[in-house]
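Input: a single structure, listed below in structure tokens.
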Amino acid sequence: MYMRNKLQRFADNTRRHNIIEPGKATYTQLKGQWRTAYFSNSHDLVVELGCGKGAYTVGLAQCFTNKNFVGVDIKGARLWVGSSYAMAHQLHRVAFLRTKIEQLDQCFAPREISELYIPFPDPRPRDRDEKRRLTSPRFLALYRRLLQPGGFIHFKTDNDALFAYTLAVLCAQPIKDLVYTENLYQSEWLPAHYGIQTDYERHFLSQGITIKYLRFAFAIAP
């Protein structure tokens, strides 16, 4: 039953306008053209990385009517959930992109993205997997090329080691306006999340695990 449902979701995705994936013409045509060719406006473009079911993508779209939102994930079955929600709630400024995050520059042009959200990425705890962490220098260099000058990156995690690693990496980066907290729900930054919670977040909170959050921008344009 699970596999049948998953295959049905994949089939649905091929027909959905708000899902951009390999095999569709839009997958290669939207780079540098998201605002004009897809959203038909000039609003800021906000991207959620590793979006899963797209909690931030759809949640922020419901809060901000003057911005465009794209959720990025490689798991098509998860994107189907966010896509379905967006269609049911007529969120026309929402799209989902199925691709690997390391290939982000194949789908977005330099300085095309206004803001990035990275909620609860895989911590990749093994040393040999450091380059696969979404806050490693390798990925930060990618984000820096794609972000507009002054564009914020928002990062949330339950993982103490990943949070400490990220702060250490940022100390060697040309950044500005860094704010962070090791307990988001006891900090002044909680209202800035508009009550949006991912499934992971609700699970961690139910176990009494504190949520870590940081936000920064790059100080020097690439």
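Every number here is computed from the coordinates shown, using simple stated rules; none is lab data. In this text, all values refer to a predicted model and were calculated from it rather than measured experimentally. Note: ideal-geometry Cβ built from the backbone for every residue, glycine included; neighbour counts use all protein chains shown.
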**OP:** Distance check, please: which entries in LYS31/LYS53; LYS31/LYS131; LYS24/LYS75; LYS53/LYS75; LYS100/LYS176; LYS31/LYS67 exceed 20 angstrom between their Cα atoms?
**Re:** LYS31/LYS53; LYS31/LYS131; LYS100/LYS176
**OP:** Compute the signed sum of charges (Lys and Arg +1, Asp and Glu -1) over the other residues within less than 13 Å, Cβ to Cβ, of TRP34.
**Re:** +3
Original post:
³J(HN,Hα) across the range 168-181 via Karplus (A = 6.51, B = -1.76, C = 1.60, θ = phi - 60°), whole Hz, x for Gly/Pro?
Top reply: 5, 5, 5, 4, 9, 10, x, 10, 8, 6, 6, 10, 7, 8
Original post:
How much net charge surrounds GLY150 when only the other residues with a Cβ under 11 Å from the Cβ of GLY150 are counted, with Lys and Arg +1 and Asp and Glu -1?
Top reply: 0
Subject >> Nonlocal amide H pairs with GLY151, under 5 Å, H built at 1.01 Å >> reply: PHE218
Subject >> Qualifying GluC sites (Glu not before Pro) in the range 98-204, DSSP loop, other Cβ atoms within 10 Å at most 12 >> reply: GLU188
Original post:
For the range 32-79, which trypsin sites (Lys or Arg not before Pro) are in a loop by DSSP, counting at most 16 other Cβ atoms within 10 Å?
Top reply: LYS75
**OP:** Take the Cα radius of gyration of the chain and divide it by 2.2 N^0.38 Å, with N its residue count; two decimals is plenty.
**Re:** 0.99
Subject >> Spin-label model distance (nm) - ASN41 vs ILE209, 7 Å beyond Cα toward Cβ >> reply: 3.6
Subject >> Positive-end residue of VAL47, PHE96, TYR185, charge dipole of the chain with Cβ unit charges >> reply: PHE96
Original post:
When only Cα pairs under 8 Å and 6 or more residues apart are kept, what is the percent relative contact order across the range 50-149?
Top reply: 26
Original post:
Using θ = phi - 60° and the Karplus form 6.51 cos²θ - 1.76 cosθ + 1.60, what ³J(HN,Hα) does each residue of the range 50-65 get, whole Hz, x for Gly and Pro?
Top reply: x, 6, x, 7, x, 4, 6, 4, 7, x, 5, 4, 6, 8, 10, 8
Subject >> 222 nm mean residue ellipticity, helices alone, for the chain (DSSP H n ≥ 4; -39,500 (n - 2.57); rounded to 500) >> reply: -9500 deg cm²/dmol
Original post:
When only C-alpha pairs under 8 Å and at least 6 residues apart count, what is the relative contact order of the chain, in percent?
Top reply: 19
**OP:** Report, by chain and number, residues whose modeled amide H sits under 5 Å from the one on PHE120, excluding near sequence neighbours (fewer than 5 apart, same chain).
**Re:** LYS156, THR157
Original post:
When Lys and Arg each count +1 and Asp and Glu each count -1, what net charge do the other residues less than 10 Å away from GLY54, Cβ to Cβ, add up to?
Top reply: 0
Subject >> DSSP-defined antiparallel bridges as percent of all bridges, the chain, nearest 5 >> reply: 35
